[in-house]
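Notes for the one structure printed next.
The values are calculated or read from the model by the stated rules, or taken from the named source; none is laboratory data. None of these values were measured; they are calculated from a predicted model. Note that we place each Cβ from the backbone using ideal geometry, even for glycine, and neighbour counts take in every protein chain shown.
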Amino acid sequence: MPKDLDELQADVTRCMHCGACVGSCPVNAIYLNEVILEFNDDCTLCKRCIKVCPVGAIKLIGGR
Amino acid sequence: MPEFDVVVVGAGPAGSMTAKYAAKNGARVLMIEKRQEIGSPVRCGEGISRSWLDSVGITLDSKSVARQVKGAKIVSPNGSSFYLSEKIAGNEVGIVIDRVFFDKLLARDAVKAGSDLVLKTSAVKLLKNGNKVTGVRVKSFGETKDIKAGCVVGADGFESQVGRWAGINTVLTPRDITSCFQYRLTNINHEADYCEFVLGSAAPGGYIWIFPKNEDTANVGIGMQLSKLREPGDVKKYLDKFIQKDARLRKGKPLELVSGAVSICAPIDKTVGDGILLVGDAACQIDPITGGGISNSCKAGKVAGEVLGRAAKDKDFSEKALQKYEKGWRDLMENHLYRNWMAKEKLVTLKDETFDKIISTLNEVGVEKMSTYAILKAIEQKHPDLVKEFAEFL
């Protein structure tokens with residue numbers, strides 16, 4: 001994960017690997033490598049992935 | 001000459017049908033699937049109708065069918081129900097399938113038709129010559145390989161990476177995305193002969209479904225429009241709340257958890273390019289009202305395979321040659337998808353009282369067919385005011 005995206009994290013114990021966030025991302029900044037979510041630095045921190053995740057697995061850390 | 005005419009990315013229903021009909025029509029086909037098992041994990045409510053199966057050459061085996069139902073039960077927010085027989089219910093009602101077996105059945109059909117198939121193999125990048133797609137880079141069991149192909153087919157579902165890499169615009173607005181969560185719930189007392197749809201504020205911008213798998217087990221799921229979601233994990237919370245309130249379901253225990261998202265958008269502008277073609281959820285070929293995509297995926301997959309077979313014979317996978325697919329699938333479903341998207345845009349604005357009125361009216365006057373038109377005509381008899389907003393459908 002690029003260091004400027006340290007604040008966006010998928011909780012691996014919650015993530016269902018369903019790809020809801022991947023397909024919803026407007027800038028294609030998420031890749032699901034079978035079971036591991038990777039965020040790249042195209043991310044604009046729009047937080048759509050946080051909202052769309054059916055189980056609330058994606059979080060912004062550091063209070064942003 | 002490339003090793004394959006066609007590489008299909010994703011072995012769901014859309015991919016397998018494309019691979020089957022392309023191979024059947026003489027193309028050299030490879031289908032790749034990133035998971036270690038076809039059909040698993042399930043990302044589906046598993047309700048289908050049986051009317052279209054023959055037309056695309058699918059013969060279900062006993063394992064693929066979990067339950068045959070008599071029809072649909074539509075439940076309004078105040079708890080009253082309207083029953084529809086299978087004949088008039090239309091799409092997504094008739095059979096509850098088992099995707100773990102159904103997807104394998106379709107993959108087997110593709111292999112029998114001559115398609116190659118590998119698992120645990122992810123597409124990581126498209127190979128291109130200018131804008132023309134010439135193949136795909138894959139990671140297969142940890143090894144990176146480049147596979148040359150006349151055409152790469154994106155059948156990679158809602159994630160739709162292949163289309164995005166090819167520069168095809170599949171970006172959706174929050175209004176056009178439904179976020180879903182489902183339990184396969186056992187130890188419940190549902191109506192095992194009907195697929196149930198619960199409307200209203202229990203699932204804002206969507207609905208809750210109870211699709212029976214057998215006498216004591218059902219897929220109990222929820223879909224909610226992304227623009228209606230507020231807090232992280234809302235989708236699961238809404239479903240949990242519904243289950244706790246429903247005496248039939250409260251004692252249920254989950255056998256499986258399923259999550260995912262589906263597009264509920266108007267038909268996208270473009271699904272082909274030079275050496276690239278999208279099919280199924282990757283091409284947003286989903287009914288925007290029901291969120292169902294299996295029948296459309298299979299129908300579009302058949303068209304895609306036939307066009308790719310022709311393209312392989314002509315050695316021409318240009319965008320121009322693939323336009324036959326673009327036209328073919330649109331002829332089959334574009335008008336229907338567009339109408340249902342318009343109807344969805346209205347439905348998501350309705351209040352609980354309005355759904356209650358609609359269901360009570362349908363019970364009074366009946367409806368002969370589960371079409372937007374027939375339902376509106378029925379409601380118009382009692383509540384012309386309700387129908388005003390939908391005037392453009394009449």
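Assorted remarks:
- Scanning the stretch B:60-100 for residues that are more than 21 Å from the chain's Cα centre (by Cα) and among the β-branched types (Val, Ile, Thr) turns up just one, B:Val75.
- Verdict on B:Ala266 being assigned to a helix (DSSP H, G or I) and in contact with an Asp or Glu (Cβ under 9 Å, 6 or more places away or on another chain): no
- Condition broken by B:Leu257, with the remaining ones in (1) under 19 Å from B:Lys344 (Cβ atoms); (2) facing chain A (nearest Cβ under 10 Å) satisfied: (1)
- B:Phe101 vs. criteria at pLDDT 95 or above and of a type in the set (Phe, Trp, Tyr): yes
- Selection within the stretch B:139-154: residues that are in a strand (DSSP E or B) and either among the β-branched types (Val, Ile, Thr) or modelled with pLDDT under 95 (or both). The member of this set that is nearest to B:Gln285 (Cα to Cα) is B:Val153.
- In the set B:Arg330, B:Arg339, only one residue is free of Cβ contacts under 8 Å to residues at least 60 places away in the same chain and either assigned by TED's automatic domain parsing to the domain that holds B:Val93 or surrounded by fewer than 21 Cβ atoms within 10 Å (Cβ to Cβ) (or both); that residue is B:Arg339.
- Those helices (runs of 4 or more DSSP H) of the stretch B:280-394 in which 2 or more residues are aromatic (Phe, Trp, Tyr) occupy B:319-347.
- Of all the listed residues (B:Thr186, B:Thr178, B:Thr170), the sole one being of a type in the set (Ser, Thr, Tyr) and surrounded by fewer than 20 Cβ atoms within 10 Å (Cβ to Cβ) is B:Thr186.
- Test result for B:Ala374, at pLDDT 95 or above and under 28 Å from B:Gln225 (Cα atoms): no
- Selected residue [free of Cβ contacts under 8 Å to residues at least 60 places away in the same chain and more than 14 Å from every other protein chain (Cβ to nearest Cβ)] from B:Asp193, B:Asp216: B:Asp216
- Residue, nearest to B:Glu231 (Cα to Cα), within the stretch A:19-64, restricted to residues that are among the polar types (S, T, N, Q) and surrounded by fewer than 21 Cβ atoms within 10 Å (Cβ to Cβ): A:Thr44
- Out of B:Leu255, B:Leu199, B:Leu226, B:Leu249, sole residue that is in contact with a Phe, Trp or Tyr (Cβ under 6 Å, 6 or more places away or on another chain) and over 21 Å from B:Pro13 (Cα atoms): B:Leu199
- Subset of the stretch A:5-64 that is assigned to a helix (DSSP H, G or I) and basic (Lys, Arg) - its residue that is farthest from the other protein chains (Cβ to nearest Cβ): A:Arg48
- Of the set (1) touching a residue at least 24 places away in the same chain (Cβ under 8 Å); (2) outside any helix (DSSP H, G or I), all apply to B:Leu127 but (1).
- Residue check for B:Asn169: within 14 Å of another protein chain (Cβ to nearest Cβ), farther than 22 Å from A:Leu37 by Cβ and not in a helix (DSSP H, G or I): yes
- Test set (1) surrounded by 18 or more Cβ atoms within 10 Å (Cβ to Cβ); (2) of a type in the set (D, E, K, R); (3) within 14 Å of another protein chain (Cβ to nearest Cβ) - B:Lys120 fails condition number: (1)
- Screening the stretch B:1-81 for strands (runs of 3 or more DSSP E) wholly inside it with 2 or more residues that are of a type in the set (A, V, I, L, M) and in contact with a Phe, Trp or Tyr (Cβ under 8 Å, 6 or more places away or on another chain) returns the ranges B:29-32, B:71-75.
- Residue in the stretch B:103-114 that is crowded, with 21+ Cβ neighbours inside 10 Å, in contact with a Ser or Thr (Cβ under 7 Å, 6 or more places away or on another chain) and among the small types (Gly, Ala, Ser) present: yes
- Just one of the listed residues (B:Thr361, B:Thr290) is surrounded by 20 or more Cβ atoms within 10 Å (Cβ to Cβ), closer than 18 Å to B:Pro13 by Cα and at pLDDT below 95, namely B:Thr290.
- Scanning the stretch B:140-167 for residues that are surrounded by fewer than 18 Cβ atoms within 10 Å (Cβ to Cβ) and without any contact (Cβ under 8 Å) to a residue 40 or more places away in the chain yields B:Phe141, B:Gly142, B:Glu143, B:Thr144, B:Lys145, B:Asp146.
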